[in-house]
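Contents: one structure, followed by commentary.
The values are calculated or read from the model by the stated rules, or taken from the named source; none is laboratory data. It should be emphasised that the depicted structure is a prediction, and the values quoted were computed from it without experimental measurement. Note that we place each Cβ from the backbone using ideal geometry, even for glycine, and neighbour counts take in every protein chain shown. Surface areas here come from the heavy atoms of the whole protein model, side chains and all, with no ligands, DNA or RNA. Shrake-Rupley method; radii C 1.70, N 1.55, O 1.52, S 1.80 Å.
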Amino acid sequence: MDFTYTETQDMIRDTLARFLGDTYDFETRQKFINSDSGRDPAIWTALAQELGMLGAPFAEEHGGLGGGALENAIVMEELGKVIGIEPYLPTVVIAGGALKAVGGAQADAFIPEIIAGNAIIAFAYAEPQGRYDLANLRTTAKKDGAGYVLNGHKGVVYAAPWATHLLVTARTGGNQRDRDGVSLFLIDANLPGIVRRDYPTVDGNRASEIYFENVAIPADALLGGEGAGLPLIEQVVDEATVAVCAEATGVMQKLHEGTLEYTQQRKQFGVPIAKFQVLQHRMVDMFMEVEQARSMTIMGTLKLGLPANERMAAVSAAKAKVARGANFVGQNAIQTHGGIGITQELAIGHYFKRSTMIESQFGSADHHMDRYERIALAD
Amino acid sequence: MDMEFSPEDLAFQQEVRDFIAENYPAELRGKQDEGEELSKEDFLVWHKILHKKGWIAPAWPVEYGGTGWTPTQRFIWSEETARADCIRLMPFGLAMVGPVIYTFGTPEQKAHFLPRILSGEDWWCQGYSEPGSGSDLASLRTAAVPDGDDYIVNGQKTWTTLAQHADWGFFLVRTDKDAKQQEGISFLLIDMKSPGITVRPIITLGGEHEVNEVWLEDVRVPQSQRVYEENKGWTCAKFLLAHERTGIAGVAASKRGIEKVKAIARTELDGDKPLLANAFFKRKVADLEVDLAALEFTELRSLAGPNANRGPGPESSLLKIKGSEIQQRLTELTLEAVGHYGAPYFRGFGEGDNEHPIGPDYAHRAAPTYFNTRKTTIYGGSNEIQRNIIAKMVLGL
């Protein structure tokens, strides 16, 4: 048992923190998220080519740094600290995670493209009727000759406007909520019949509604076995969920630090409001939530390799705790700032918006408590 | 970073399990199962078995009698003793005054007192709080006035846990009335059989005689029994409190406590289903498990993380706050789970008393334990004081 980071992991964190400190100050971020494209592609390129950061969780034979889930957590926490919108989560954590899991020719072909910064892959899994149930799918992929024909509607696909590829969950068999019959496809984002409606999200990202209208996809787009994709999807979504917990830890830490700083400047009744015990204790409670979020992120990350049931219970415990903590820290950061907290002027409000969206990303606290109970407290 | 147990760790785990299975006293197990209050002798029997084995003070440095275990081995030890429902060891010597003596004491003090703490020969109690000094501990007024090679001590202490059993007490006393509060305090070791000491019971909500008032009237104490310099006792006091705080996170014991609550809730019926199938009750149990996991990994980060060798710092206040809250929620859930049978008042078995107490065994102490456990957010520095400590020492406010 060991809870220390390796030198390489410390180096990844330090290098990334320095780079983001130079390139991602709040004003610069606001400028590019409000631009037409909503991003600065040079940052992604630099992350790949100057820092090698997009190779963090990949094996050295693919050109990666030889890491895994812990390295993803480190990168995500640092991105959280600058409310970064770089599509590391869908591209590296989710698509990269799926490719690592299936291996073979698909991994050999795609992983180097991810590491080089050439591929941006959006994860098209959610559907309007499906809520957080990964198997609740109306999107279908019907066998057609050697390939498939894709039809359906995917909702709120983060990073889709920037994507070169889409990772799509679709039904190749079974009924709408069956565990069997779910398949995972990695396809070109610009195939004929893919219709996108792009929009900004409240947390500064870009996303799309995606409509597949008789999209012909090749047989080799299938990742894993046909109709047997759900366990793989659950695994990569669990990996993504703890990565989001790591991001949340970074966001929450900044919400807390920003609040500490503000209360020491802001004077009322002739003293900095940080002198008031009622606010001190509130900020201590926020601190404890940040620390517990960090602990639960580590717990979830270290348990990703366990058998599915233990993994799911651990990830759900982590996400539930982090979601509640993010809610508490976010709301109290705004409350403590007072009026200025609810304006667009200070960074704090933008951190709050991201932490609020994280609360329900890949499932709300209630959703995850339900899943936790089904596994850990079965009658 | 990993959570794996090495082959050596697994072998150690087996060794601990075997040792407990072969050596934990059956009569103690019986009393615990019946929910009886434990006597001084009950506490000492397990203490002495562990002392004989050399496992009585895992946290101490090896040179003073510690085991030299790795953080992982210490984790295994607390998990296994909790899993086997072993009684907790009294912390006053092992976790409180012992570390103060080996850190600040003279060679003579170390040579005399440490072996007697390890063997269980001396039972210690803690003379900190006073009627007028609770959270504001540094305002204490019990005074020690030099008289030749001695001090003459006068004053009153309170909330002195199990002082009725104690051979020795460690006391915070004022040795300089004119200095700033924290700078006029000294740390004295006092023989509880000294003339002038009176111990009076305070009965708490569960009916237990656990705490006491201790009166000191012209008690003569050799100055050689002062630990560290005169008027520097606050340094020892703070050191001790930080040690005390980490111990009372109680993660392993709370894990075991949740198992017991679940067992009760699988037995008790709610309609035609076990109570644990009630969605509201189940969610409370699940919430507790999740919060306990967060506490456990926060503790592991501090025990086996980058700062592991630094000793307990102010962040141990976090462990105290969350640990004590969880202990209270646990007793609350237990009381809720036993339903009607929380009410009958079980006074313990009297002499020749062989009538079975009212209600199921697991219900006998549910209410007294719930009442008694209100103490955890009050003692060791109330949770409000812990927040003050974090605000000042960690957040820099």
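Can you pull the percent of segment B:124-231's accessible area that's carbon plus sulfur, 1.4 Å probe, other chains left in place?
Of all accessible area on segment B:124-231, carbon and sulfur atoms account for 47 percent.
Compare the peptides B:79-86, B:360-367, A:45-52 by average per-residue count of other Cβ atoms within 10 angstrom and give them in order, highest first.
Highest mean packing first, the order is B:360-367, B:79-86, A:45-52.
About the Cα centre, and with charges only on the beta carbon of Lys, Arg (+1) and Asp, Glu (-1), how big is the dipole of chain A? Nearest 20 debye, please.
My answer is approximately 1080 debye.
With a 1.4 Å probe and every protein chain kept in, tell me what percent of the accessible surface of segment A:108-219 is carbon plus sulfur.
50 percent
With a 1.4 Å probe and every protein chain kept in, tell me what percent of the accessible surface of segment A:231-376 is carbon plus sulfur.
Carbon plus sulfur share of accessible area: 51 percent.
Which residues among segment B:23-55 fall inside the zone where the amide N is under 13 Å from a point 7 Å beyond the Cα of residue B:119, along Cα→Cβ?
Under 13 Å, as judged by backbone N against the label point of residue B:119, lie B:48, B:51-52 of segment B:23-55.
Any chance you could list P(r) for segment A:153-299, counting all Cα-Cα pairs in 5 angstrom bins from zero, rounded to whole %?
Bin by bin from 0 Å, the calculated values are 2, 8, 12, 13, 13, 12, 10, 8, 7, 6, 5, 3, 2, 0, 0.
Could you work out the mean count of beta carbons from other protein chains within 10 Å of each residue's beta carbon in A:356-367?
Other-chain Cβ atoms within 10 Å of each residue's Cβ, averaged: 0.
To the nearest 0.05, what FRET efficiency results for residue B:111 and residue A:331 with a Förster distance of 56 Å applied to their C-beta separation?
Efficiency at R0 = 56 Å is approximately 0.50.
Just to check I understand the Karplus step: with θ = phi - 60° and J = 6.51 cos²θ - 1.76 cosθ + 1.60, what whole-Hz values come out for segment A:362-376, glycine and proline as x?
3J(HN,Hα) across segment A:362-376, in whole Hz: 6, x, 6, 4, 5, 4, 6, 5, 4, 5, 4, 5, 4, 8, 7.
Using a probe radius of 1.4 Å on protein heavy atoms only, what is the accessible area buried between chains A and B, both sides summed, to the nearest 100 Å²?
Protein heavy atoms only, the A-B interface buries about 4000 Å².
Using the heavy atoms of the protein chains and a 1.4 angstrom probe, tell me the accessible area per residue for segment B:100-220 in square angstrom.
Here the residues of segment B:100-220 average 43 Å² of exposed surface.
Taking the Cα of residue B:224, stepping 7 Å toward and past its beta carbon, and measuring to each backbone N in segment B:73-112: which are under 13 Å?
Inside the label zone: B:106-112.
R0 = 51 Å: FRET efficiency of residue B:283 with residue B:202, Cβ-based, nearest 0.05?
Taking R0 as 51 Å, the efficiency between residue B:283 and residue B:202 is 0.85.
Among rounded, prolate and oblate, which fits segment B:16-165 when a ≥ b ≥ c are the square roots of the eigenvalues of its C-alpha gyration tensor, a/c under 1.5 means rounded, and a/b larger than b/c means prolate?
prolate
What size of dipole, in debye to the nearest 20, comes out for segment A:123-228 about its Cα centre when the only charges are +1 on Lys and Arg C-beta atoms and -1 on Asp and Glu C-beta atoms?
Using only the charged Cβ atoms, the result is roughly 200 debye.
Rounded to the nearest 500, what is chain A's calculated 222 nm mean residue ellipticity when only DSSP H runs of at least 4 contribute -39500 (n - 2.57) each, over all residues?
-16500 deg cm²/dmol
For peptide B:3-16, what's the mean number of Cβ atoms from other chains within 10 Å of each residue's Cβ?
1
Note down the net charge around residue B:232, summing +1 for each Lys or Arg and -1 for each Asp or Glu among other residues with Cβ under 14 Å from its Cβ.
0
Tell me the per residue accessible area of segment A:231-376 using a 1.4 Å probe; a whole number in Å² is fine.
Accessible area per residue, segment A:231-376: 36 Å².
Projected onto the charge dipole of segment B:248-394 (+1 at Lys/Arg Cβ, -1 at Asp/Glu Cβ, origin at the Cα centre), which of B:253, B:297, B:337 gives the Cα projection farthest towards the positive end?
B:297
Based on the mean of other beta carbon atoms within 10 Å per residue, what is the order of A:95-106, B:10-21, most packed first?
Per-residue mean Cβ counts within 10 Å order the peptides as A:95-106, B:10-21.
Counting Lys and Arg as +1 and Asp and Glu as -1, what is the net charge of the other residues whose Cβ lies under 10 Å from the Cβ of residue A:281?
Local net charge: 0.
Work the Kirkwood hydrodynamic radius out for segment B:124-231: mean of 1/r over every pair of different alpha-carbon atoms, inverted, in Å.
Over segment B:124-231, the inverse of the mean reciprocal pair distance is 13.8 Å.
Once the piece of chain linking residue B:27 and residue B:343 is laid out straight, how much longer is it, given 0.36 nm per residue of separation minus the C-alpha distance between them?
Stretched out fully, the residue B:27 to residue B:343 stretch lengthens by 111.0 nm.
Pairs of Cα atoms under 8 Å, at least six residues apart: use those to get the relative contact order of chain A, whole percent.
Averaging sequence separation for qualifying contacts and normalising by length gives 14 percent for chain A.
Please sort A:233-246, A:269-282 by packing, taking for each peptide the average over its residues of neighbouring beta carbons within 10 angstrom, highest first.
A:233-246, A:269-282
Once you put a point 7 Å from the Cα of residue A:113 and another 7 Å from the Cα of residue B:83, both along the Cβ direction, what distance in nm separates them?
4.8 nm
Let me have the relative contact order for chain B, percent, based on Cα pairs under 8 Å that are six or more residues apart.
Once normalised by length, the contact order is 13 percent.
Could you give the size of the charge dipole of segment B:220-321 about its Cα centre, using +1 on the Cβ of each K and R and -1 on the Cβ of each D and E, expressed in debye and rounded to the nearest 20?
200 debye
Within 10 Å of each Cβ in B:378-388, how many Cβ atoms from other chains are there, averaged over the peptide?
Average neighbour count from other chains, rounded to a whole number: 2.
Report the antiparallel proportion of the DSSP beta bridges in chain B as a percent, rounded to a multiple of 5.
Approximately 85 percent, going by the DSSP bridge assignments.
³J(HN,Hα) across segment B:41-52 via Karplus (A = 6.51, B = -1.76, C = 1.60, θ = phi - 60°), whole Hz, x for Gly/Pro?
5, 4, 5, 6, 5, 6, 3, 5, 4, 5, 5, 4
Applying the Karplus parametrisation 6.51 cos²θ - 1.76 cosθ + 1.60 with θ = phi - 60° to the phi angles of segment A:209-221, what ³J(HN,Hα) value in whole Hz is obtained for each residue in order, glycine and proline being reported as x?
8, 10, 10, 9, 10, 6, 7, 7, 10, x, 4, 7, 6
Say a paramagnetic label sat at a point 7 Å from the Cα of residue B:272, along Cα to Cβ; which residues of segment B:324-343 have their backbone N under 18 Å from it?
none
Return a whole-number percent for the relative contact order of segment A:1-71, with Cα pairs under 8 Å and 6 or more residues apart as the contact set.
Normalised by residue count, the contact order of segment A:1-71 is 20 percent.
Looking at chain A only, what percent of DSSP beta bridges run antiparallel? Nearest 5 please.
Counting only bridges with both partners in chain A, antiparallel ones make up about 85 percent.
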